[in-house]
1. Looking at Asp131, Asp53, Asp122, can you tell me which residue is modelled with pLDDT of 80 or more, within 30 Å of Gly19 (Cβ to Cβ), of a type outside the set (A, V, I, L, M, F, W, C) and open to solvent by 50 Å² or more (accessible area, probe 1.4 Å)?
2. Restricting attention to the stretch 88-122, which residues are assigned to a loop (DSSP other than H, G, I, E, B) and among the acidic types (Asp, Glu)?
3. Inside the stretch 100-118, can you point out the residues that are under 29 Å from the mean Cα position of the chain (by Cα) and among the aromatic types (Phe, Trp, Tyr)?
Amino acid sequence: KDTRVALVTLDICLMFSPGWLEELRGAVRQSSGIQHLIVTASHTHSGPVLAADFAQAPAWEHEALRKPAAAVAEAHAHAVEAKIATGYGKVDQGYNRRRVHGFGNVEMVWENPAHKPMGLTDPTVAVVRIDALRCSVHCHY
């Protein structure tokens, strides 16, 4: 079966609203016919915030919606067959920045050079592998 999937990654500060995501899905369906859309976002303080449903969305937000939909349409025009696989790994890199004291008081610990454990962390890393005849890969670290 021929299933087409689009993967969109965005460098934005906060996750977009459900309404914004539905608008993007609709724009992608209209521009490319792709029914399956996966959207993920980094957490960068250099990017815009698309978290709220604005009663009257600012002009830049309409442009921010148009660009990913146009990119999916362009990629769809040059699509190649691909195989997708998933897996999981483990990375012990981070630490919990919230130290919980008695009575539920929480202290933010912004620096922890020794990476002393202060709470639960999830070392699980999900990996998506895409094998294609030709592709361009971009990575955000």
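The values are calculated or read from the model by the stated rules, or taken from the named source; none is laboratory data. Since the model is a prediction, treat every value here as computed from it, not as a measurement. Cβ coordinates were reconstructed from backbone atoms using ideal geometry, including for glycine residues, and neighbour counts include every protein chain displayed. For accessibility, only protein heavy atoms count, side chains too; no ligands or nucleic acids. Shrake-Rupley method; radii C 1.70, N 1.55, O 1.52, S 1.80 Å.
1. Answer to the selection: Asp122.
2. Within the stretch 88-122, Asp92, Glu111, Asp122 qualify.
3. Once the filter is applied, which keeps residues that are under 29 Å from the mean Cα position of the chain (by Cα) and among the aromatic types (Phe, Trp, Tyr), the stretch 100-118 yields only Trp110.
Each row is one residue, and each column tells you yes or no for (1) aromatic (Phe, Trp, Tyr); (2) closer than 15 Å to Ile12 by Cβ; (3) open to solvent by less than 90 Å² (accessible area, probe 1.4 Å).
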{"site": "Gly33", "(1), (2), (3)": "no, no, yes"}
{"site": "Ala69", "(1), (2), (3)": "no, no, yes"}
{"site": "Val72", "(1), (2), (3)": "no, no, yes"}
{"site": "Val80", "(1), (2), (3)": "no, no, yes"}
{"site": "Ala85", "(1), (2), (3)": "no, no, yes"}
{"site": "Tyr95", "(1), (2), (3)": "yes, no, yes"}
{"site": "Phe103", "(1), (2), (3)": "yes, no, no"}
{"site": "Val109", "(1), (2), (3)": "no, no, yes"}
{"site": "Pro113", "(1), (2), (3)": "no, no, no"}
